[in-house]
Amino acid sequence: MICHPINSTFEPTSLWKTQGLLKMRRITSSNTAKGVAAIVGVGPQLGLSIARKFAHEGYTVAILARDLGRLSRFADEIAREEKAQVFAIRIDCSDYRSVREAFEGVLSLGFVEVLVYNAYYQPVSSHPTTFSDIKIDSFEKSLAVSSLGAFVCAQQVLPGMVERRRGTILFTGRSASLGGIPGFSELCCGKFALRALSQCLSREFQSVGVHVAHIIIDGVIGPPRGAQQGLAGELWQSGVGGDQTVMT
């Protein structure tokens, strides 16, 4: 399926555009002094609220997830409500080739000033799983989404941030990254790796003006929009304030 841009001069000139990986929604044509905010892992709750917050703050927003049809509806909603430029791009965070392809599209929008990595592997159970019952392919997928996807996403945006000596990378995590939990090996290993990646990047790139933070969000995020917006606002503040924030 080829997805053509709407109200935009964007032309499909590469693989990620012509194979239907991109849908765009743009309501206004005004330029913004702020760069692009790339939100990876946008679902109907926290991810959507984060994207809406950055759109409200004047960023051009790229939202990324596996379901392009649903993303397109989110892009319509945010663009209409916030009068913002919103781009929906398909990504599979467990596949490094898909990540690179998706970010070819993201980077073509301009300087990526903010990356929020909010992807998670849905099949991981919220209930304890006996270690011997964990399937190898599921374990590999969980590790890939939690850590490999974050690693490759960061690799795509860091060169531009270092060149401009500014930028923010935020990884959303769980308290499972802080200590092993019986019955949750599959979840903890990926989250440990994500937290380690965040710490390594923070210490490596802080001196060149790039802020990296690992944001812990625990508990069930319910349907009330106000609660989701509150979490998105706190995450926004953590990116601006420069401190690692733990939210429960």
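Things worth noting here:
- When the stretch 165-204 is filtered for residues that are basic (Lys, Arg), assigned to a helix (DSSP H, G or I) and surrounded by 14 or more Cβ atoms within 10 Å (Cβ to Cβ), the ones remaining, listed by number, are Lys191, Arg195.
- Yes/no for Ser147 being part of a helix (DSSP H, G or I) and of a type in the set (S, T, N, Q): yes
- Residue in the stretch 86-102 that is modelled with pLDDT under 90, within 26 Å of Ser49 (Cβ to Cβ) and touching a Gly at 6+ places or on another chain (Cβ under 9 Å) present: no
- Hey, Val162 part of a helix (DSSP H, G or I), under 18 Å from Ala38 (Cβ atoms), touching a strand residue (DSSP E or B) at 6+ places or on another chain (Cβ under 8 Å) and touching a residue at least 12 places away in the same chain (Cβ under 8 Å) or not: yes
- Pick from the stretch 27-44, criterion modelled with pLDDT under 85 and of a type outside the set (Ser, Thr, Tyr), ranking: surrounded by the most Cβ atoms within 10 Å (Cβ to Cβ): Ile27
- Filtered residues of the stretch 131-144 (kept if of a type outside the set (Phe, Trp, Tyr) and either in a helix (DSSP H, G or I) or in contact (Cβ under 8 Å) with a residue 60 or more places away in the chain (or both)): Ser132, Asp133, Ile136, Asp137, Ser138, Glu140, Lys141, Ser142, Leu143, Ala144
- Within the stretch 56-83, being in a helix (DSSP H, G or I) and of a type in the set (A, V, I, L, M) holds for Leu68, Leu71, Ala75, Ile78, Ala79.
- Hey, Ser132 of a type in the set (Gly, Ala, Ser), surrounded by 19 or more Cβ atoms within 10 Å (Cβ to Cβ) and under 28 Å from Leu187 (Cα atoms) or not: no
- Residue within the stretch 135-152 that is in contact with a strand residue (DSSP E or B) (Cβ under 8 Å, 6 or more places away or on another chain), more than 17 Å from Phe192 (Cα to Cα) and either surrounded by 23 or more Cβ atoms within 10 Å (Cβ to Cβ) or among the small types (Gly, Ala, Ser) (or both) present: no
- A search for C-beta distances below 6 Å between a residue of the stretch 108-130 that is aromatic (Phe, Trp, Tyr) and modelled with pLDDT under 85 and any residue that is crowded, with 18+ Cβ neighbours inside 10 Å and in a loop (DSSP other than H, G, I, E, B), counting only pairs 6+ apart in sequence or on different chains, returns nothing.
- Any hit, the stretch 6-16, residues being at pLDDT 50 or above and of a type in the set (Asp, Glu): no
- The one condition in (1) at pLDDT 90 or above; (2) crowded, with 23+ Cβ neighbours inside 10 Å that Glu82 fails to fulfil: (2)
The values are calculated or read from the model by the stated rules, or taken from the named source; none is laboratory data. Note that this is a predicted model, so its numbers are computed, not measured. All Cβ positions, glycine included, derive from the backbone under ideal geometry; neighbour counts span all protein chains shown.
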